[in-house]
Amino acid sequence: MLNIENLKVAYGKAVALHDVSMRVEEGELVTLLGSNGAGKSTLLKTISGVNRALAGRILWKGQEIQNQPSHVVVNQGIIQVPEGRAVFPDLSVAENLRMGAFTRRDEDGVASDLEEVFELFPRLKERRQQLAGTLSGGEAQMLAIARGLLAAPKLLMLDEPSLGLAPVLREAIYRVIQQIYQEKGITILLVEQNARWALKVATRAYILENGRITMEDTGAALAANPDVQRAYLGH
Amino acid sequence: MVPVMDSLFLQQVLNGLITGSVYSLIAIGLTMIFGVMKISNFAQGDYSMVGAYTAVFVMAWVGGWLGWVGSVLAAAAVVGLLGVVTERLVFRPLMTRWTDIDMIMVSIGLFILLENLAQLFFGATPRMIDDPFGGRTINLGVASTSLLRLFCFVFAGVAIACLELFLNRSRMGVAIRATSQNRFAAQLMGIDINQVYRLTFGVGALLAGVGGVLYGTLFAIYPMMGALPTLKAFAVTILGGMGNIRGAIWGGLILGVAEALGGNYIAMEYKQAIGFFIIILVLLVKPSGLFGRKEGA
């Protein structure tokens, strides 16, 4: 579904991604692991059309989408959920969700998706008139995910959804992500710091180091790899 | 003890609110453009100047109160379009490559250009808009004012109410607010950022144009008239918090009343200085403005 071929991205003269190739097939949950500064967020931003690719291709269902404006990419159903602090603080929860459905014209579909999202996140329903800036970290993260779901994603890219959350909240976020994947059948590209969980749920995983993909395998195989265990699982 | 409730005081408050509502209108455009695009547009008052000249022409053509209302609408259309054109031709090509300071210089260049074009085409002679109500005044009990000034206040209020409605209820209005709060996240929602820029500049200029008709109704119209409203609009936005629309509304009213009272109780000569005194005070005490969030919050 998504094929990235020899992608190169740079900020000025600093090259952030060298020759990155990876793919996500329909129905997969692919995890991207890597330490801070490895280029994970850069990769997501480039897929979303926020950063420019210097070389290489990004193919979505066979069509080149690299360097398309972000609204064109979003229209294809490629939805990125940024970390929770990137909600719109001075918009209400309801307005944030409405922005999630910005590109959609099917009012009925949006209304029924909104009901589903409120079932998944009852807290957001309670707080829908509240400004998003007054939400707790966990609630803001849930809002960010809910906002992404309202875009009717074909591919949902989650950027460190558990970052900075207390363990209890992290567990809740994990449950929601698994629910989205298993019950809604949405294809997911997951960037996550908690390697243990992220490898367990992944159908396949990639490891990104210094702007290069260094390993690719099934989640289980990478979790069993001694190098991965040492670097990411703390063995 | 100061006779706080005497009629002179209330009269000055009323005068201040009327002028202040026009300041608010011009400042809202400035603060919107800053909030969404981070551009400090020093040509904002010159959009008002263009609006005022639009009114001069419409009034010469139609006249009467119909002409006055018509010139408000015409100024909205002309200056709104001017805003869209300058955004596309002047600001957008430079935005990704140039720094904020460069953009300020560009907007100053635009303001010099607009002033000199006006001088070239309209001449330096100051013009006045005829009072369509023939100078009729209205007594509000505690204070009185001309019907025309009251109309200015009402029109400023109506324009602000329309803007609030647009920003809170319409899809693109909410998208403008979203973009000013987090541009990256707005892009991820599928919002076309360039469309938001175009619309923001158009609406921001439109408000300045309408404000210009009202300003030109209260004061004289001449090619260099834009400088003062620009500076007042900056005073108002700093007072209310850069990028904060509600802050600009209240800031305008506060500045208007402060000027009227200062002009009356301190000295008329210091009236124009009060805005700048307020800027310094706000920057010293609460740099994020009365309604502003802390930086980075």
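The values are calculated or read from the model by the stated rules, or taken from the named source; none is laboratory data. Please read these numbers as outputs of a predicted model, since none were measured by experiment. Cβ sites come from the backbone with ideal geometry, for glycine too, and all protein chains shown count toward neighbours.
Quick notes
- Failed criterion for residue B:126 (all others in (1) within 22 Å of residue B:256 (Cα to Cα); (2) modelled with pLDDT of 90 or more; (3) over 19 Å from the mean Cα position of the chain (by Cα) hold): (1)
- For the stretch A:69-90, the tally of residues that are within 7 Å of chain B (Cβ to nearest Cβ) and in contact with a strand residue (DSSP E or B) (Cβ under 7 Å, 6 or more places away or on another chain) stands at 4.
- Helices (runs of 4 or more DSSP H) completely within the stretch B:1-98 that count 1 or more residues being under 13 Å from the mean Cα position of the chain (by Cα) and within 20 Å of residue B:231 (Cβ to Cβ): B:7-37, B:44-61, B:64-86
- Residue match in the stretch B:257-271 (condition: touching a Gly at 6+ places or on another chain (Cβ under 9 Å) and assigned to a loop (DSSP other than H, G, I, E, B)): yes
- Residues of the stretch B:168-182 satisfying the condition of being polar (S, T, N, Q), in contact with a helix residue (DSSP H, G or I) (Cβ under 6 Å, 6 or more places away or on another chain) and more than 7 Å from chain A (Cβ to nearest Cβ): B:179, B:180
- Here residue B:218 passes the criteria (1) surrounded by fewer than 24 Cβ atoms within 10 Å (Cβ to Cβ); (2) without any contact (Cβ under 8 Å) to a residue 40 or more places away in the chain except the one numbered (2).
- Residue among B:220, B:227, B:205, B:185 that is at the interface with chain A (Cβ under 10 Å from one of its Cβ atoms) and among the small types (Gly, Ala, Ser): B:185
- In the stretch A:92-102, the count of residues that are hydrophobic (A, V, I, L, M, F, W, C), in a strand (DSSP E or B), modelled with pLDDT of 95 or more and closer than 14 Å to residue B:191 by Cα is zero.
- No other residue among A:135, A:169, A:131 is among the hydrophobic types (A, V, I, L, M, F, W, C), buried (at least 19 other Cβ atoms within 10 Å of the Cβ), farther than 20 Å from residue A:50 by Cβ and without any contact (Cβ under 8 Å) to a residue 60 or more places away in the chain apart from A:135.
- Residue A:53 vs. criteria closer than 29 Å to residue B:176 by Cα, touching a helix residue (DSSP H, G or I) at 6+ places or on another chain (Cβ under 6 Å) and away from every other protein chain (no Cβ under 14 Å): yes
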